[in-house]
Structures are given as C-alpha cells and as structure tokens.
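Only one structure is covered here, and it is reproduced in the block below.
The values are calculated or read from the model by the stated rules, or taken from the named source; none is laboratory data. Keep in mind the model is a prediction, meaning the values are calculated, not measured. Positions of Cβ are generated from backbone atoms using ideal geometry, with glycine treated the same way; all protein chains shown enter the neighbour counts. When the accessible area is computed, the model is the full protein with side chains, heavy atoms only, and any ligands, DNA or RNA have been set aside. Shrake-Rupley method; radii C 1.70, N 1.55, O 1.52, S 1.80 Å.
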Amino acid sequence: RNIEYLGISLIEDTKTPIQRIEYNNNLLLAENIRRNREEIKQTKGTGIAATYLKKINFLDYFESYLNNYQNKDIRLVRACFTHFKEFTQTRIHTNYIKPVEITPEFVEKFKEYLEENLNGDTPYNYFTKFKALCKKATKEGMFTVNPSDELVVSRPEGLKKEILTFDE
C-alpha cells in the first residue's frame, strides 16, 4: 500500500456554500485520481489500455513529453514535435488525436511525410525520436502494442567527398 500526497486539501467543516462547492470539487478530483491509478494497476500487464488513457490527446502527451525531456538533443525532439503537429494539421486536418488512432499505418504516413519534406539524416533522426516517444507511451499503457516497432527509416550513405592528395 502506497500513500501519496496529492496537494488537495479536504476541509470537512464547511460553513459557507463556496467552501462546500470547493470541498465537493476537491473530493471528486481526488476520487478521479484514485480511480485512474487503480485502473492503471489493474490493467498493467493485461494488454488492455486504461480507459482514460484512450481519451488523451496524443499531441498534448507529446508536448508534455517535450516539456519533461532532459537530454541534450531536445532540439531534435522539439523539431520532431513541430513536424508532427504540422503533419496532423495538413494531412489529417485535426488537432486532436486519440492514441487509438496512432496505428502502424498512421506512423508509416508520418514517416513518409518526413522523408518527403526533409533530406539527409534529418528524417532518420526525427523518426528515431518519435519511436522513443511511442516506446515510452507503450510503457505507460497508452498503447497495447508499440505502433512504430516494425518501421525503420533508412539512413542515407552520406556524401562522397573527393579529397585532394599532396601531389594534386
């Protein structure tokens, strides 16, 4: 059994209607948090995603992932997020994507979008960051199966440089 402080105060001795409303709102919030955490523990390892995770906007999840990202390559993650957001607005025409809609076909379309609009190592680097995001989301129970597991972006060979010798 774990005890966790949520930062929500419940004062039972309410005297005014405003205090009663605040108490009821805080109680509902605490109950929702408890219910969501219980559902996560119950569904963990079963292959079934928790119901509240199915309703999350994947763009918001991606943005929170970006805000909590601590590595030095945050610039790549930020650019990947920008391109993913642009992809959803131009190709899918929406700003709300449920995790259920992130299928291997959807990820394939995003990969093709990156390859069409970017060149060099950039599509490979951005798609690698997107795959890391999908892996983390799968660990957290948002996906039952990682939608980006089977997909690989080929890395270009690079430029052949002709180097002059000392005689030349």
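Rounded to the nearest 0.05, what FRET efficiency do residue 25 and residue 94 give with R0 = 35 Å and r taken as the Cβ-Cβ distance? Could you check?
On the way: r = 31 Å, r/R0 = 0.88.
Efficiency, from the Cβ-Cβ distance: 0.70.
Using the alpha carbon gyration tensor of segment 1-155, what are the three equivalent-ellipsoid semi-axes (square root of 5 times each eigenvalue), largest first, in whole Å? Working shown, then result.
Values: eigenvalues 282, 60, 42 Å².
Those come to 38, 17, 15 Å.
Of the chymotrypsin sites (Phe, Trp or Tyr not before Pro) in segment 126-168, which ones lie in a loop per DSSP and count no more than 16 other C-beta atoms within 10 Å? Please list the in-between numbers first.
Values: sites: 126, 127, 130, 143, 166; in loops: 143, 166.
Here the chymotrypsin sites (Phe, Trp or Tyr not before Pro) that fit, given the DSSP loop and packing criteria, are 166.
Thinking of segment 60-147 as a set of Cα atoms, what percent of all their pairs are more than 16 Å apart?
Values: 1967 of 3828 pairs.
Counting pairs separated by more than 16 Å, the tail of P(r) holds 51 percent.
Between 70, 89, 19, find the one with the highest GNM mean-square fluctuation for the chain; connect C-alpha pairs within less than 10 Å.
Answer for the Gaussian network model of the chain: 19.
Going through the cross-link list 85/131; 72/111; 54/129, which pairs have a Cα-Cα distance over 19 Å in this structure? Mind dumping the intermediate values first?
Values: 85/131 16 Å; 72/111 23 Å; 54/129 22 Å.
Violating the 19 Å limit, Cα to Cα: 72/111; 54/129.
Can you give the helix-only mean residue ellipticity at 222 nm for the chain, where every DSSP H stretch with n ≥ 4 adds -39500 (n - 2.57) and the sum goes over all residues, rounded to the nearest 500 deg cm²/dmol? Write down the numbers at each step before the final one.
On the way: 6 runs with 87 residues, N = 168.
The helix contribution divided over the chain gives -17000 deg cm²/dmol.
Run the accessible area of the chain with a 1.4 Å probe and give the carbon-and-sulfur part as a rounded percent. Present the calculation step by step, with values, prior to reporting the outcome.
Values: 6310 of 12400 Å².
Whole-percent figure for carbon plus sulfur exposure: 51.
Taking segment 82-130 as the region of interest, what is the percent of Cα-Cα pairs per 5 angstrom bin, listed from the shortest bin to the one with the maximum distance?
Taking every Cα pair in segment 82-130, the percentages come to 5, 19, 34, 26, 12, 3, 0.
Please sort by residue number the trypsin sites (Lys or Arg not before Pro) in segment 70-116 whose DSSP state is loop and whose Cβ has at most 12 other Cβ atoms within 10 Å.
On the way: sites: 72, 75, 78, 85, 91, 109, 111; in loops: 72.
Here the sparse-neighbourhood loop sites are 72.
How big is the Kirkwood radius of segment 108-168, worked out from every pair of different alpha carbons and given in Å to one decimal?
On the way: mean 1/r = 0.0728 Å⁻¹.
That comes to 13.7 Å for segment 108-168.
Per residue, how large is the accessible surface of the chain? Use a 1.4 angstrom probe and give square angstrom.
Working: 12400 Å² over 168 residues.
I get 74 Å² per residue for this part.
State, to one decimal in nm, how far the label point of residue 60 lies from the label point of residue 35, with both points 7 Å from Cα in the Cβ direction.
1.7
So what are segment 1-43's ellipsoid semi-axes, whole angstrom, largest first, if each one is the square root of 5 times an eigenvalue of the alpha-carbon gyration tensor?
26, 11, 6
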